[in-house]
1. From the set of residues in segment 12-34 that are touching a residue at least 12 places away in the same chain (Cβ under 8 Å) and small (Gly, Ala, Ser), which is farthest from Gly139 (Cα to Cα)?
2. Name the residues in segment 7-31 that are at pLDDT below 90 and surrounded by 18 or more Cβ atoms within 10 Å (Cβ to Cβ), would you?
3. Inspect segment 41-52 for any residue being closer than 21 Å to Asp120 by Cβ, open to solvent by less than 30 Å² (accessible area, probe 1.4 Å) and not hydroxyl-bearing (Ser, Thr, Tyr) and give the result as yes or no.
4. Identify, by number, the condition in (1) modelled with pLDDT of 95 or more; (2) of a type in the set (A, V, I, L, M); (3) closer than 22 Å to Glu115 by Cβ; (4) more than 16 Å from the chain's Cα centre (by Cα) that Met1 doesn't meet.
5. Among the residues of segment 184-200, what is the count of those that are open to solvent by 100 Å² or more (accessible area, probe 1.4 Å) and at pLDDT 95 or above?
6. For segment 141-195, please list each of the strands (runs of 3 or more DSSP E) lying entirely inside it that holds at least 2 residues being without any contact (Cβ under 8 Å) to a residue 60 or more places away in the chain and over 20 Å from Leu127 (Cα atoms).
7. On the given criteria, is Ile114 among the hydrophobic types (A, V, I, L, M, F, W, C) and more than 15 Å from the chain's Cα centre (by Cα)?
8. Among the numbered conditions (1) open to solvent by 70 Å² or more (accessible area, probe 1.4 Å); (2) farther than 24 Å from Lys40 by Cα, tell me where Lys172 comes up short.
Amino acid sequence: MEDDTASGAIAYEGRYALLGSSEKVLEFADTVPEGITLVKGLELAKAEVGKPIVYADDVEENTSSSTAEGDASASAESSTSSSEAVSAESTGVSGEESTLHKSKEIFQELRGAIEDSGLDKITEIDLSDRYNLTILYDGRITMELGLPTDLDYKLDYAKGILDTGGIKENEKGTLNLSDAVNNRVPFEPDYSNESASAPG
């Protein structure tokens, strides 16, 4: 498509679905093209060219909510209190979900935060661990974001460090941004390629 360019690649059924800015699948590829961000830890239920991706989270949510609705309507006929119990129970579940976020929400928030920050060399986004999101910058700096909170602040902080030369252009390592709101952002350089005796 000429009006959209691929900005992310997600593994789907042995290939990679290349996503445009509106989360539509532009095409499928056998490998991740150069310059495209690989997204890990995001499960898709469906991906078709020309259509928005369908998150596994959404499918699970629709299935469980339709089941709950069925239970609620059935129990409403026999007992109002049962129906209230079902609705209270489902509210509790959604409360827990909102604390941890669903992968769809995390991905959309993180993607937006990356765009807003102006970081343009994101090689990889990893949502596998929802308690410690990570992104790989320029193939050499692993940015640990911790929980999916204050993402805009954390990425702006990282951009500031890079822009001011806090991390040199050829340096590799891990930048821990999980406590950036308290101005604690340690950087651990990776010297493994330079020294065989470096601790493992």
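1. Top of the filtered list is Ser22.
2. Ser7, the sole residue that qualifies.
3. yes
4. (1)
5. The qualifying residues number 2.
6. Fully inside segment 141-195 and qualifying: 187-189.
7. Spelling it out, it is not the case that Ile114 is among the hydrophobic types (A, V, I, L, M, F, W, C) and more than 15 Å from the chain's Cα centre (by Cα).
8. So Lys172 meets the others, but not (2).
The values are calculated or read from the model by the stated rules, or taken from the named source; none is laboratory data. Fair warning: this is a prediction, and the values are worked out from it, not measured in the lab. No Cβ is skipped: glycine too gets one built from the backbone with ideal geometry, and neighbour counts run over all protein chains shown. Please note that ligands, DNA and RNA were not included when accessible areas were found on the heavy atoms of the full protein model with its side chains. Shrake-Rupley method; radii C 1.70, N 1.55, O 1.52, S 1.80 Å.
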